[in-house]
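First up is the structure itself, then whatever we jot down about it.
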Amino acid sequence: MSIFEPDEGTLVVIPSLSLPQDELRRITAVRSYEERLLFLLLTLKQPDMEVVYLSSTPVDGAIVDYYLNFLDDPDEGRARLQMISLDDPHTQPLSESLLRRPDVIARIRTALDGAKDAWMVPFVVSEYEERIADLLALPIYGPATSLAHLGSKSGGRMIGEEAGVPVVRGFSGLRSLTEVEHAARAMAPSNKLMVKLNNSYSGLGNAIVIKDDRPLTACHTSFSASDEDWTTFAEKIAERGAVIEEFLDDRPLYSPSALARITPGGSYDVVATHEQVLGGPNGDVYQGCTFPARPEYRAELGECAERIARVLASRGVVGLFGVDFFAIKTDAGYRALLCEINLRIGGTTHPFGAALLATGATYDPDSGTLMCGKQSKYYMATDNCTAPCLRGRTPGEVVKLIQDEGLGFDDGTRTGNVLHLLGAIPGFGKLGFTSIGNSAEEAAELHHRTLRTLCQSA
C-alpha cells in the first residue's frame, strides 16, 4: 500500500510551511519542519517511483543517507532521487522564495524531463504552490486554494453538519470581537468557552475564556500562544475570522484524530486513527500521537471521518487531511464530537507514512490497525524530544547512537524507531521519532527507552 495514489511516477515534494508566520515563529527549530516529509524518500522502495525534494537550505547528507538505508538498495534508490536546495536561510516560506528563483524552477523542469505521472506533493497548498504548479504544469496532491475555507474552523463546522457528524456546541463565521462577544452571551449558561481563529496551526490560535458579566477582554483568558493578548487576538479575528465553542470539561476526555485520503479520481478512505498527545498552557498544542485510537471509539471515528471525506470529495478536495475529534464518555459508551478539519499534511501524517512505508504494512479498516501479514503494528510518535545534551551533536552521531543502543529499525521484526527532524539537532537539540512495536505496550516501552537514551546521552 502506498500513502499516495498513484504509487508510481515522480513526486515533486515542496514541504513549504505556507501557514500563518506569526504562529510558526513560536515553534522551536521551525525551519527544520521542512524535513517532516523526508519519510517520502521511503516511497523509493517502489521501483517505479522517483522523488524530487525541495528545501530552503541543504539537507545534511547523513540525513538523506539515513532514509535511503531503509531501501534494499540505497545506491539504486539514490539514482531516482534529486535533492534541490534554494540555499536560502531567510524566514519566508520555501514556495514564496522558489517563485523568485527561475534558475531552480529550470532545474526542476530538467529533473522532470521525460517523467510521466508526475505530481506535486506540498505540505500545504497556498497561492504560492498553485503558481509553482502552473509553472511546472503539474497537478497538485492537495486541495485547491478555492476550497481552503472548508478546512478553516468555520468551514469544518459547516462540513461536519452537512456530513451529519456531531459538532461541539458553538457559533462560526465570526468576523469581529463584537460578534464574538454576542456569540459568547448566546452560549449561556456555559461560562467556559474556547475562541479559535479560523486559520491557525498546532493549537496556537486558541484562547480559553472564563465568561462572567464583564466584556470578554476583562474576563480571565488563557491564550495558547504566550505572547498573545486581546489586542493582537482581536486584530487576527478581524483578519481571519473565528469560531466560539463550549469548552468541554468532561472527564475522561480524549482528543483522537483520523487521517483520511481523497485520490485524484475522487475515491476516498480513512487510513488511520490516532490518539493525540497534547501540551502547552491550555493542553491543546500538538506534541505527538499514538496509533491506533482507543478501541472503545475507533470504529466511530472511522465512520465519522468517512462521512466527512465523502462530503469533501463531492466538493473536489484531493489529498491527505486530518480530522480532530473529542471523545466523551456517556452512559451508552463514547461519543465523538468534531473538533476541526485540517486540509493539509499534519502532525500525524509523517508518523503514519513512516510506519506504513518502513514496515510495508497495510491498513485494515475492520480492525483499524496496520497489518504485516497476521501481525498488527502499533506506534508512538513525538515531534518534541528536546535535550540540552543533544545540542551541538550531528544528525549522524545521533543516528549512530540509536543504532548502537539497539533502538533503530529492524528489518527482520519490522519494529524499532524511524527518526525525523534530525536537522534540528545541532542548533536546538531537538528531534522527533516514531517507535513501532508489535503491541501498544511494546511501542510505548521502546518510545520511553528511546527518550531516556537521548536525554541522558551526554
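The values are calculated or read from the model by the stated rules, or taken from the named source; none is laboratory data. This structure is a prediction, so every number in the text was calculated from the model and none was measured. Heads up, the Cβs are rebuilt from the backbone with ideal geometry, glycines too, and the neighbour counts pull from every protein chain shown. Side chains included, ligands, DNA and RNA excluded: accessible areas come from the protein's heavy atoms. Shrake-Rupley method; radii C 1.70, N 1.55, O 1.52, S 1.80 Å.
Take GLU76 and decide whether it is within 21 Å of SER18 (Cβ to Cβ), open to solvent by 40 Å² or more (accessible area, probe 1.4 Å) and in a helix (DSSP H, G or I).
On the way: within 21 Å of SER18 (Cβ to Cβ): no; open to solvent by 40 Å² or more (accessible area, probe 1.4 Å): yes; in a helix (DSSP H, G or I): yes.
Criteria not met by GLU76.
Evaluating VAL59 against the criteria (1) open to solvent by less than 60 Å² (accessible area, probe 1.4 Å); (2) not in a loop (DSSP other than H, G, I, E, B) leaves one unmet condition, (2).
Can you find even one residue in the range 159-171 that is more than 23 Å from ASP250 (Cβ to Cβ) and free of Cβ contacts under 8 Å to residues at least 40 places away in the same chain? For the range 159-171, residues more than 23 Å from ASP250 (Cβ to Cβ) and free of Cβ contacts under 8 Å to residues at least 40 places away in the same chain: absent. Checked against (1) open to solvent by 20 Å² or more (accessible area, probe 1.4 Å); (2) in a strand (DSSP E or B); (3) touching a helix residue (DSSP H, G or I) at 6+ places or on another chain (Cβ under 8 Å), GLU275 passes all but condition (3).
Here the condition is being within 17 Å of ARG261 (Cβ to Cβ), open to solvent by 10 Å² or more (accessible area, probe 1.4 Å) and modelled with pLDDT under 80; of PRO6, PRO20, it holds for PRO6 alone. The set of residues in the range 79-121 being open to solvent by 80 Å² or more (accessible area, probe 1.4 Å), closer than 16 Å to ILE132 by Cα and of a type outside the set (D, E, K, R) consists of PRO102, THR110.
When the range 154-193 is filtered for residues that are closer than 22 Å to ALA327 by Cβ, modelled with pLDDT of 95 or more and out of contact with any helix residue (DSSP H, G or I) (no Cβ under 8 Å at 6 or more places or on another chain), the ones remaining, listed by number, are ARG157, GLU161. Scanning the range 106-164 for residues that are in contact with a Leu (Cβ under 9 Å, 6 or more places away or on another chain), part of a helix (DSSP H, G or I) and under 20 Å from SER95 (Cβ atoms) yields ILE108, ARG109, LEU112, TYR128, ARG131, ILE132, LEU135, LEU136, LEU147, ALA148, GLY151.
Here ILE237 meets each of (1) assigned to a strand (DSSP E or B); (2) open to solvent by less than 10 Å² (accessible area, probe 1.4 Å) with one exception, condition (1). Annotation note: of LEU390, LEU320, LEU337, the sole residue that is under 18 Å from the mean Cα position of the chain (by Cα) and touching a residue at least 12 places away in the same chain (Cβ under 8 Å) is LEU320. Is it the case, given these coordinates, that ARG251 is free of Cβ contacts under 8 Å to residues at least 12 places away in the same chain and outside any strand (DSSP E or B)? So ARG251 passes the test.
The residue that is most open to solvent (accessible area, probe 1.4 Å), counting only those in the range 308-354 that are in contact with a Phe, Trp or Tyr (Cβ under 9 Å, 6 or more places away or on another chain) and hydroxyl-bearing (Ser, Thr, Tyr), is TYR334. In the condition set (1) in contact with a Lys or Arg (Cβ under 9 Å, 6 or more places away or on another chain); (2) surrounded by fewer than 16 Cβ atoms within 10 Å (Cβ to Cβ); (3) not charged (D, E, K, R), LEU407 is compliant with all but (2). When GLY283 is tested against (1) within 19 Å of the chain's Cα centre (by Cα); (2) more than 30 Å from PRO139 (Cβ to Cβ); (3) in contact (Cβ under 8 Å) with a residue 24 or more places away in the chain, only condition (3) is not met.
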